[in-house]
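Colleague: Here you go, one structure.
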Amino acid sequence: MNDETMPRSAPQLLELLEPLSRHGVDFVLIGGMAGIAQGSAYPSYDVDVAYSRSHANVERLVKALGEIGVRLRGAPEDLPFQLDARAIENGANFTFITPYGDFDVLADIAGISSYEQLRADSSEKSVAGLDVRVASIDHLIAMKRASNRTKDKLMLEEYIVLADEQQRAAR
Amino acid sequence: MNASTELTPGRLLRDARRRRRVSQARLAARAGTTQSAISRIERDRVSPSVETLRELLYLLGEDLALGSEERDTGIDRTLNRERLALSPEERLEQGLEFADFVLRTRREMEGSKAAA
């Protein structure tokens, strides 16, 4: 994210996640917000979720995204985008703008072998008053490790420290 | 770390071999390999496994001592400890407030720059 793409305010978690929960979408919170939920001190300016690619789940996801009012981020205004299961199944990762902040919906995630593994190691936490599955600190580390961005390398260092701190706190 | 002083497997082996005054050819003979294979390791053209390095050092009369220590990452752990004392819900509330603070401050700074 550079100066031109910095949002004006932090995303509204409840408005983005509640429709997913209500429609029973199988998803896991990842990215910077998941890092914060795990104890990271780095700010995050968007919301990232990973989702299951099963057809039934994609159908539920489409309903939720429709309610949120997503639009493709960085795409020309006149680029047609029909939000339906076919469109989601033809792609994998979608970066959206919404009235509630930037929202990334991802299925193909560098550093993660499968959604099933990501979900299996995630834990349910209360997020904006909702019970939401949050990626494990180990998977957040794997995702940061797979990224080459400077920002992610800094966060990788913090996540490794954070995992150590969590371990110490659990003793 | 300075490349010329960085401790690599090759440098470790070469230093030990020279300290023991053993030629590459003799070490190769002891190890049942070729002099060129020893040379490639010492020049860091290939990276030996820990077990291979341990065996070569053993053949020189030395033991490989591996160690590790906590890395100084520069991360302020007190910030993370403060957050770990909160619930995930509270962490996110604080995180969102902080993100808003950062964004507001950036806008104010850009505004004062533009005014000047």
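Colleague: Return the average number of partner chain Cβ atoms within 10 angstrom of each residue Cβ along peptide A:34-40.
Modeller: 6
Colleague: Kirkwood Rh, Cα Rg: Rg to Rh for the protein assembly as shown?
Modeller: Expressed as Rg/Rh, it is 1.14.
Colleague: What does the average come to when, for each residue of peptide A:161-171, you count the partner chain Cβ atoms lying within 10 Å of its Cβ?
Modeller: Mean shielding count: 3.
Colleague: If Lys and Arg each add +1 and Asp and Glu each add -1, what is the summed charge of the other residues whose beta carbon sits under 10 Å from the beta carbon of B:Thr8?
Modeller: 0
Colleague: Can you sort A:Glu157, B:Glu6 from fewest to most other Cβ atoms within 10 Å of each residue's own Cβ?
Modeller: Least to most surrounded, the residues fall as B:Glu6, A:Glu157.
Colleague: Now a separate question. Arranged by the count of other C-beta atoms within 10 angstrom, fewest first, what order do A:His55, A:His139, A:His23 take?
Modeller: Final ranking by Cβ density, sparse to dense: A:His55, A:His23, A:His139.
Colleague: Quick one: among B:Arg21, B:Arg106, B:Arg54, which has the greatest mean-square fluctuation in a GNM of chain B with alpha-carbon springs under 10 angstrom?
Modeller: Among B:Arg21, B:Arg106, B:Arg54, the largest GNM mean-square fluctuation belongs to B:Arg106.
Colleague: I would also like to ask the following. Kindly provide the GluC sites (Glu not before Pro) of the range A:1-101 that DSSP labels as loop, not H, G, I, E or B, and whose Cβ sees at most 11 other Cβ atoms within 10 Å.
Modeller: A:Glu77
Colleague: Taking only DSSP H segments of four or more residues, each worth -39500 (n - 2.57), what value at 222 nm results for chain A once the sum is divided by all its residues, to the nearest 500 deg cm²/dmol?
Modeller: Rounded to the nearest 500, the figure is -13500 deg cm²/dmol.
Colleague: While we're looking at this one, here's another question. Where is the GNM fluctuation largest for chain B (alpha-carbon springs, 10 angstrom cutoff): B:Val46, B:Val22, B:Val102?
Modeller: B:Val102
Colleague: Expressed as cubic angstrom per residue, what is the convex hull volume of the alpha carbon set of chain A?
Modeller: Enclosed volume per residue, from the Cα hull, is 120 Å³.
Colleague: For helix B:50-59, what angle does its Cα long axis make with the longest principal axis of chain B, in degrees from 0 to 90 and rounded to 10?
Modeller: The angle comes out at about 40 degrees.
Colleague: Now a separate question. Treating cross-link reach as a plain straight distance, find the lysines whose alpha-carbon is under 24 Å from the alpha-carbon of A:Lys144, omitting any fewer than eight places away in the same chain.
Modeller: A:Lys125, A:Lys153
Colleague: Spin-label point model (7 Å from Cα, Cβ direction): what's the A:Thr150 to A:Asn90 distance in nm?
Modeller: The answer from the label model is 3.8 nm.
Colleague: Which residues' amide hydrogens lie under 5 Å from the amide hydrogen of A:Leu130, considering only partners 5 or more residues apart or on another chain, with H built in the peptide plane?
Modeller: The list, which skips near neighbours in sequence, is empty: none.
Colleague: Something else about it: Could you bin all the Cα-Cα distances of the range A:57-117 into 10 Å bins starting at 0 and give me the percent of pairs in each, rounded to whole numbers?
Modeller: 20, 53, 24, 3
Colleague: Which of A:Gly31, A:Gly101, A:Gly39 ends up with the largest GNM mean-square fluctuation for chain A, with Cα atoms connected below 10 Å?
Modeller: The residue that fluctuates most here is A:Gly39.
Values quoted throughout were computed directly from the atomic coordinates according to the rules given, and no laboratory measurement underlies them. Small disclaimer: the values here were computed from a predicted structure and weren't measured. Cβ atoms come from the backbone with ideal geometry, glycine included; neighbour counts cover every protein chain shown.
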